[in-house]
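The values are calculated or read from the model by the stated rules, or taken from the named source; none is laboratory data. All values derive from a computational prediction rather than experimental measurement. Because the Cβ atoms are built from the backbone with ideal geometry, glycine has one as well, and the counts that use them run over all protein chains shown. Surface areas here come from the heavy atoms of the whole protein model, side chains and all, with no ligands, DNA or RNA. Shrake-Rupley method; radii C 1.70, N 1.55, O 1.52, S 1.80 Å.
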Amino acid sequence: MAMAGRAWGRWCRAAGVALLALAMVLDAQAQDGARPKVLRVAFPVAETGFDPARIVDLYSRTVTPHIFEALYAYDHLARPFRIVPLTAAGMPEHSPDFRTWTVRLRPGIFFADDPAFKGQRRELVAADYVYSFKRIVDPANKSPVVAGILDQKFVGLNALRDDAVKHNRPFDYDRPIEGLKALDRYTIRFELEEPRPRFIEVLATGDLFGAVAREVVEHYGDDIPAHPVGTGPFRLAQWRRSSLIVLERNPQFREMVYDARPAPDDAAGQALLARFKGRRLPMVDRVEISIIEESQPRWLAFLNGQIDLISVPAEFINQAMPGGQVAPNLARQGIRGYRTVNADSAFTYFNMDDPVLGGYTPDRIALRRAIALAIDVEREIRQVRRGQAVVAQSPVVPHTSGYDPKFKSENGDHDPARAKALLDLYGYVDRDGDGWRDLPDGRPLVLEIATQPDQLSRQFDELWKKNMEAVGIRVKFFPGKWPEQLRAARAGKLQLWTLGSSAAAPDGQGSLARLYGPQAGSQNLARFKNDAFDAIYDRMQVLPDGPERDALFLEAKRIAVAYMPMKYTVHRISNDLTQPRLVGYRRPLFWQEWWHMVDIDEAAGADR
């Protein structure tokens, strides 16, 4: 496809900046003379920071679990998933009703050295987890995941937050509560108001709920997002915002060796275990993350051997993995490919507080449903995603509980005729003869679509324009950088926006949180509020997995489709390519941490 001169200039500048940054890093290492093992990856979207209490985006959350550690983690090779102790000494003890959970820490785990510790080694203790969970609900931190923690119903935690809000005073970290209590130096007890059978999944969320030391937070104050200090395998060595992130091996990291339990019939997993079992972690010395937003320079960086891994951009899939197999010219270089249906979804949310799209009256519901029916997802998959996705039918994503590949709903339909009929029926017609539909009161109907200024987003915008024009609806686009759009979305300032979300745990209820009323402005960007849906969500929280809970999943899906606060479009397929020097790669299902589990073998890539 030919590019206009202005677009070509933008691409050249983006490619030049991104590749120059990579070249400078590589040249500096060559001059240094040392040969550390360096893993090089690229993010297509900029990070927002590294304070677990203040992040929600995937890219920041990919960095943080390599620095901070939760009590538990996921077995890197186990499929289906298996949760294992990380800083905990063993699996948690819980009461029969799943309200009380007790965890014992392993002694002798230390934070990375930092000036905040004034030259002293700082051991990880139970009180660090108490403090870290409390930070999430401190109003001053404005955590985007606060609703999720409050939803766990820690005894006394909601009241502690409410007291700070009501009296407009600092959050009292020193006030003890029953819900989060360090029983001794290495033992923590969680008391919950209601049963939480899957609470261990919260304790295995290292990207958000890893241990943070209070001294570090108080030492750096508002600059804490730039000073992550944890007990994990890496520490932050360099950060040029929206450009380059460098992690280096944490010298204080305890002795940890490669171990896993792949399924007996998992040949690839068994081979990785045989190769790496007993190796000390991390196996690489540095991780360098370049932010390369445009797909073409990112693809060129991989072809030039400047990054070790790429999730192949859709526009290059036929060059990279035609028919799902690594292209012969790449295979001859030792490049390997991995194809996975992700535990994720792409969706467009409609702001339920918006005066045009929002609301719960029949006419507003009809408008959202008509827009959803006008979206041609199959064409999106063919033209933009190059076949690398499957149509979504509900909020629940593959590989999680509640997902049923046989479930079918209106969410997956493309029916412009039905869309037009709905619009006509509820008065969204052309009243002034200009060829465009108007609102029932005669004002113009215009969709204000938030987007990003990159080439891929422009392709999606063109599809949006065609889909809406086909049913007589005008659109206007408002581009902005992704982190800026996310902030605006959380503040309720966008009318509609398309983005994606990945599951962070095997429980499919996490996907439903995006429609749960108390999470409005947090996970629930649509600000959807429905008493019946919220009651279902609350009931699901306390139930163990089983037929009753499965039935509630089905009912929740039906409500989501009926009100259409979000149009779920696809579950994406990732096509990952790795350089021959990167060994041990396996894409995680729900967790983000894997950089410490791979090795760099320069000899394997020496012939490139």
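Find the percent of Cα-Cα distances in segment 381-452 that exceed 20 Å, and round it to a whole number. Don't skip to the end; give the middle numbers.
Values: 1455 of 2556 pairs.
Every Cα pair in segment 381-452 considered, those over 20 Å come to 57 percent.
Note on segment 221-274: the alpha carbon radius of gyration divided by the globular reference 2.2 N^0.38 Å gives 1.70. Each Lys or Arg adds one and each Asp or Glu subtracts one; over the other residues with Cβ under 12 Å from the Cβ of ALA556, this totals +1.
For the chain, the relative contact order works out to 19 percent when only alpha carbon pairs closer than 8 Å and six or more residues apart are counted. When all protein chains stay in place and ligands, DNA and RNA are ignored, the 1.4 Å accessible-area order of GLU484, GLU380, largest first, is GLU484, GLU380.
Cβ-Cβ distance of ARG379 and ARG280, R₀ of 41 Å, FRET efficiency by 1/(1 + (r/R0)^6): the value works out to about 0.25. Computed 3J(HN,Hα) for segment 224-233, one whole-Hz value per residue from the Karplus formula 6.51 cos²θ - 1.76 cosθ + 1.60 where θ = phi - 60°, is 4, x, 9, 9, x, 10, x, 9, x, x, glycine and proline marked x.
Only helical runs count toward this figure. For the chain, summing -39,500 (n - 2.57) over DSSP H runs of n ≥ 4 and dividing by all residues gives -9000 deg cm²/dmol at 222 nm.
Electrostatic bookkeeping for TYR338 treats Lys and Arg as +1 and Asp and Glu as -1; over the other residues with beta carbon under 15 Å from its beta carbon, the sum is +3. Projected over all directions and averaged, the alpha-carbon convex hull of segment 365-415 occupies 4.1 nm². Backbone geometry of segment 315-330 corresponds, through the Karplus equation with coefficients 6.51, -1.76 and 1.60 at θ = phi - 60°, to 3J(HN,Hα) couplings of 5, 10, 5, 6, 7, 8, 9, x, x, x, 10, 4, 4, x, 5, 7 Hz, x marking Gly and Pro.
Normalised radius of gyration for the chain, please: alpha carbon Rg relative to 2.2 N^0.38 Å, two decimal places. Here the Cα radius of gyration is 0.98 times the empirical estimate. Spin-label model, SER243 to ALA417: label points 7 Å out along the Cα-to-beta-carbon direction sit 5.7 nm apart.
With an a/c value of 1.5 or above and a/b not larger than b/c for the gyration tensor axes a ≥ b ≥ c computed over the alpha-carbon atoms, segment 152-230 is described as oblate. For the set ASP376, ASP353, the ranking by accessible area, highest first and with no ligand, DNA or RNA atoms included, is ASP353, ASP376 under a 1.4 Å probe. Would you mind classifying segment 111-155 by shape? Square roots of the alpha carbon gyration tensor eigenvalues, ordered a ≥ b ≥ c; an a/c under 1.5 is rounded, otherwise it is prolate if a/b is larger than b/c and oblate if not. Here segment 111-155 falls in the prolate category.
Between ASP441 and LEU463, 0.36 nm times their residue separation minus their Cα-Cα distance comes to what?
Between ASP441 and LEU463, full extension yields an extra 5.1 nm.
Taking all protein chains as they are arranged and a probe of 1.4 Å, the heavy atoms of ILE381 leave approximately 10 Å² accessible to solvent. Think of a 1.4 Å ball rolled over the protein heavy atoms: the chain then has 41 Å² of accessible area per residue.
Counting charges near TYR59 (Lys, Arg +1; Asp, Glu -1) among other residues having Cβ under 15 Å from its Cβ returns a value of -3.
When all alpha carbon pairs of segment 498-608 are counted in 5 Å bins from zero, the resulting P(r) reads 2, 9, 16, 17, 14, 11, 8, 7, 6, 5, 3, 1, 0 %. Label sites at ASP601 and ASP538, each approximated as a point 7 angstrom past Cα along Cα to Cβ, lie 5.6 nm apart. What share of Cα pairs, in percent, lie more than 24 angstrom apart in segment 427-585? The answer is 52 percent, as a whole percent.
Scattering from segment 204-294 was approximated by placing one identical point on each alpha carbon and applying the Debye formula without solvent; log10 I(q)/I(0) at 0.18, 0.19 1/Å stands at -1.00, -1.05. If the segment from ASP184 to VAL429 were pulled out straight at 0.36 nm per residue, it would be longer than the present Cα-Cα gap by 81.4 nm. Computed with every protein chain present, the accessible area of HIS219 is close to 100 Å² [probe 1.4 Å]. Using a Förster distance of 35 Å, how high is the FRET efficiency between LYS408 and GLU123, based on the Cβ-Cβ distance and rounded to 0.05? After rounding to 0.05, the efficiency reads 0.05. Taking the square roots of 5 times each eigenvalue of the Cα gyration tensor of segment 269-349, largest first, gives ellipsoid semi-axes of 25, 18, 17 Å.
Within segment 178-195, which residues have the backbone N less than 18 Å from the label spot 7 Å out from GLU93 along Cα→beta-carbon, could you tell me? Of the residues in segment 178-195, 179-192 have backbone N under 18 Å from the label point off GLU93. Placing dummy labels 7 Å off each Cα toward the beta-carbon, the span from ARG169 to ARG474 is 5.4 nm. Among LYS134, LYS142, the order of accessible area from largest down is LYS142, LYS134, computed with a 1.4 Å probe on protein heavy atoms.
Solvent-accessible area assigned to carbon and sulfur over segment 261-368 amounts to 51 percent, based on a 1.4 Å probe. Give LYS493/LYS529; LYS153/LYS557; LYS166/LYS567; LYS408/LYS465; LYS465/LYS493 a once-over and call out the pairs whose C-alpha atoms are over 28 Å from each other. Among LYS493/LYS529; LYS153/LYS557; LYS166/LYS567; LYS408/LYS465; LYS465/LYS493, the Cα-Cα distance tops 28 Å for LYS166/LYS567. Across segment 145-156, coupling constants 3J(HN,Hα) worked out from phi with the 6.51/-1.76/1.60 Karplus curve, θ = phi - 60°, read 10, 4, 5, x, 6, 4, 5, 6, 6, 5, 4, x Hz, and Gly and Pro carry x.
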